[in-house]
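The values are calculated or read from the model by the stated rules, or taken from the named source; none is laboratory data. Note that the structure is a prediction, hence the values are computed from the model and not measured. We place every Cβ from the backbone using ideal geometry, glycine too, and count neighbours over all the protein chains shown. All accessible areas refer to the heavy atoms of the entire protein, side chains included, with ligands and DNA or RNA removed. Shrake-Rupley method; radii C 1.70, N 1.55, O 1.52, S 1.80 Å.
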Amino acid sequence: MSALRETFLEELADLYNAEKQLLKALPKMAKAAEHGQLQEAFEEHLEQTREHVTRLEQVFKIFGKAAKGKTCKAMEGLIEEGEDLIEKEEGDAALICAAQKVEHYEIASYGSLLAWAKLLEEQRAAQLLQQTLNEEKITDKNLTQIAESAANVDDNEEEGEEEETSSSRRSR
Ligand code: FE
Ligand code: FE
């Protein structure tokens with residue numbers, strides 16, 4: 001096996017595990033989001049993430065391998081930071097920041113895998129990776145747009161409103 005093929009499969013296993021970690025984390029982030037638009041964004045990306053996992057399984061198959069993850073420590077760390085923010089009720093702005101760090105990590109991984117799939121002349125695998133990469137980039141842009149608009153503005157307006165707790169906002 002060529003060295004690049006091995007590197008590809010290593011990174012594929014890392015990313016497969018990372019996406020699966022996200023399947024568990026995204027529902028928590030959606031639940032913690034105060035603003036409806038952000039909640040929807042997380043829920044929509046959860047649906048996409050299920051497909052990301054399926055696509056990676058297809059890529060494993062193309063390479064003649066059984067889908068098997070390898071603990072992605074970076075994603076563990078990113079998710080752990082996100083959970084800390086949720087625990088401290090830091091609010092939507094912080095949640096968006098945590099989510100964008102995750103998207104950028106994924107974009108880096110998919111970008112590398114895509115480049116290698118092309119070099120290895122695995123066109124079908126490249127197509128699948130490109131599809132997911134596009135969705136990660138759109139998600140990142142969408143989060144930027146939310147960060148620049150409603151979520152943060154609402155947060156500022158709510159300062160000084162002592163009566164309303166974040167849990168009562170969520171239950172609306
Ligand atoms: Fe993903
Ligand atoms: Fe993602």
Problem set entry | Unmet criterion (only one of (1) within 15 Å of ligand 2 (Cβ to nearest atom); (2) open to solvent by 10 Å² or more (accessible area, probe 1.4 Å)) for Glu80 | (1)
For this session: Test Leu56 against the criterion of being closer than 14 Å to Leu12 by Cβ and touching a Leu at 6+ places or on another chain (Cβ under 9 Å), and give yes or no.
Result: yes
Exercise. Out of curiosity, is Ala67 within 16 Å of ligand 1 (Cβ to nearest atom), within 21 Å of Asp14 (Cα to Cα), over 16 Å from the mean Cα position of the chain (by Cα) and open to solvent by 40 Å² or more (accessible area, probe 1.4 Å)?
Worked result: yes
Problem set entry | Matching residues, the stretch 25-36, being more than 11 Å from the chain's Cα centre (by Cα) and either open to solvent by 70 Å² or more (accessible area, probe 1.4 Å) or within 13 Å of ligand 1 (Cβ to nearest atom) (or both) | Lys28, Lys31
For this session: Name every residue in the stretch 99-117 that is buried (at least 17 other Cβ atoms within 10 Å of the Cβ), more than 13 Å from Thr139 (Cα to Cα) and within 16 Å of ligand 1 (Cβ to nearest atom), in order of residue number.
Result: Ser109, Tyr110, Leu113, Leu114
Exercise. Among Leu46, Leu12, which is the only one that is surrounded by 16 or more Cβ atoms within 10 Å (Cβ to Cβ), under 22 Å from Thr144 (Cβ atoms) and either more than 15 Å from ligand 1 (Cβ to nearest atom) or not basic (Lys, Arg) (or both)?
Worked result: Leu46
Seminar exercise, completed: Only one of Gln130, Gln123 is away from ligand 2 (no atom under 14 Å from the Cβ), at pLDDT 95 or above, under 19 Å from Gln48 (Cα atoms) and surrounded by fewer than 18 Cβ atoms within 10 Å (Cβ to Cβ), namely Gln130
Exercise. Would the stretch 60-80 turn up any residue that is without any contact (Cβ under 8 Å) to a residue 12 or more places away in the chain and on the phi > 0 side of the Ramachandran plot?
Worked result: yes
